[in-house]
Amino acid sequence: MFRLDDKADVRAYELSGGMQRRLVLARALMHRPRLLILDEPTAGVDVGLRSEIWRVVKGLNTAGTTVLLTTHYLTEAETLCDEIALLRAGRIVDRGSAASLGERYAARDISEVYDRVITAEEVASCAAPKPRPSRRSTNRSGRSGRRSCGSWSARSCVS
């Protein structure tokens, strides 16, 4: 399934990026988990490997494995996920199936939903009144406490 047989004597760090992805997925599946958590499984892989990973994930889910998938590729979320959660700054902004989100936002696809959610949240976040501290505040890392607008990520779930 993962075509790693001919790489048995090669150290993991010597493998190509695509082969490393195959190895990570194979290791995650060795014990036949009921819950599989995948963080950006197709980031940086070629189209062929992405299709293969999608096929494996769909098959696992069909067979009863719950898959929690994080991705920035919205088409991937729409293709693989029963439920999609859109996050901003670690907070769920909205969630539902691709179809229900599309209906809610009168959007053709999940990318359009995402654009509308981003715009609405960013406008609300940046338009909110900001308290003016008497002196510049810093966080634990020593960075300025200024508000940042536009930090987004898409997260999705398959169940």
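The values are calculated or read from the model by the stated rules, or taken from the named source; none is laboratory data. Just so you know, these numbers come straight off a predicted model, no measurement behind them. Cβ coordinates were reconstructed from backbone atoms using ideal geometry, including for glycine residues, and neighbour counts include every protein chain displayed.
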So, first residue over 16 Å from Arg34 (Cβ atoms) in the stretch 51-73, second residue of a type in the set (S, T, N, Q) and not in a strand (DSSP E or B), Cβ within less than 7 Å, six or more apart or across chains; the pairs are Ile53/Thr42; Trp54/Thr79; Tyr73/Thr42
Filter the stretch 5-15 for residues that are surrounded by 12 or more Cβ atoms within 10 Å (Cβ to Cβ) and within 21 Å of Arg50 (Cα to Cα); which is modelled with the highest pLDDT?
Leu15
The one condition in (1) out of contact with any Phe, Trp or Tyr (no Cβ under 8 Å at 6 or more places or on another chain); (2) assigned to a loop (DSSP other than H, G, I, E, B); (3) at pLDDT 85 or above that Met1 fails to fulfil
(3)
Which condition breaks for Asp9 when tested against (1) touching a helix residue (DSSP H, G or I) at 6+ places or on another chain (Cβ under 7 Å); (2) not in a helix (DSSP H, G or I)?
(1)
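Residue-wise test of (1) under 16 Å from Ser111 (Cα atoms); (2) surrounded by fewer than 15 Cβ atoms within 10 Å (Cβ to Cβ); (3) in contact with a helix residue (DSSP H, G or I) (Cβ under 6 Å, 6 or more places away or on another chain).
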residue	(1), (2), (3)
Ala26	no, yes, no
Thr42	no, no, yes
Gly48	no, yes, no
Leu68	no, no, no
Glu83	yes, no, no
Ala89	no, yes, no
Ala98	yes, no, yes
Test result for Thr79, in contact (Cβ under 8 Å) with a residue 24 or more places away in the chain and of a type outside the set (Lys, Arg):
yes
